[in-house]
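No value in this document is a laboratory result; all are computed from the given coordinates. Everything numeric in this text was worked out from a predicted model, so none of it was measured. Note: ideal-geometry Cβ built from the backbone for every residue, glycine included; neighbour counts use all protein chains shown.
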Amino acid sequence: MSEPLGLFGGTFDPVHYGHLRLAEESIAHLGLGGVRWIPAGQPPHRGVPQVTAAQRLAMVRRAVDGNPRFSVDPAEVEAAVPSYTVLTLERLRRELGPDRPLVLLVGADAFAGLATWHRWCDLFALAHVAVSHRPGFPVEPASLPAELAGEFAARRLADAAGLRLAPAGGIVTFAMTQLAISATQIRKLLANGLSARYLLPDDVLDYIQTHSLYRNP
């Protein structure tokens, strides 16, 4: 099989160094051939972002520019409909074929809520799931909803090498460098006229400033 492809979806409102480290470290930990970033057009699990989907897409493009292992998928933004992960995975399966190992990258908090996602059980037929967590704080089945804990126990892979053995269906976890950065924190700083430099790439911050994003009305 070809190298597994990581899939990293999110609102990226705005994209920051925490996102970039997760994508970068997933390549090393999981043996990925690359990571495809998929900004959500209309995220169904949160309110409407303060900036447009096109602006969030533009910021992601600037953040990943220059890294040949990163690519950007604009389809969810261009679709202008609610962004459901299962529909995106179905589209990618049609595009990439049935045999390419696909690895959905999620953080531990997002994974804990997986059972609330649209058609969540169908995700495992379409991709593996890789869960990043803080060092020293592994994903524990006891902390998960019962139905998700059952899937976690049944599908957990001993190591990342198992991602290459099937196109989908496994769950793997990995510890990543903990960066205390959040998009909420960055938006609050910018709204109050404070500096967010060194929390996100300069090219992204320059875009935000040029377009006067995240300022209080």
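Quick notes on this one:
- The loop-placed trypsin sites (Lys or Arg not before Pro) in region 140-217, going by DSSP, that have at most 10 neighbouring Cβ atoms within 10 Å of their Cβ come out as ARG197.
- Extension gain, ALA161 to ALA180: 0.36 nm times the residue separation minus the Cα-Cα distance gives 3.9 nm.
- Only the Cβ atoms of Lys and Arg (+1) and of Asp and Glu (-1) were treated as charged; on that basis the dipole of region 100-170 about its Cα centre amounts to roughly 240 debye.
- Sequence-ordered 3J(HN,Hα) estimates for region 191-201 from the Karplus curve with 6.51, -1.76 and 1.60 and θ = phi - 60° stand at 5, 9, x, 9, 7, 10, 4, 6, 9, 8, x Hz, glycine and proline given as x.
- Label-to-label distance, LEU194 versus ASP109, with points set 7 angstrom from Cα along the beta-carbon direction: 1.7 nm.
- Dipole of the chain computed with +1 at Lys/Arg Cβ and -1 at Asp/Glu Cβ about the Cα centre; of PRO101, GLY136, GLY33, farthest Cα towards the positive end is GLY136.
- Computed magnitude of the charge dipole of the chain (debye, nearest 20; Cβ of K, R +1, Cβ of D, E -1): 280
- Interchain or long-range residues, amide H under 5 Å from GLY107's placed H: SER132
- Approximate spin-label separation HIS211-CYS121, in nm, with each point projected 7 Å along Cα-to-Cβ: 4.0
- Largest-first principal axis extents of the Cα set of the chain (Å): 49, 37, 30
- Based on Cα contacts under 8 Å between residues 6+ apart, region 93-184 shows a relative contact order of 37 percent.
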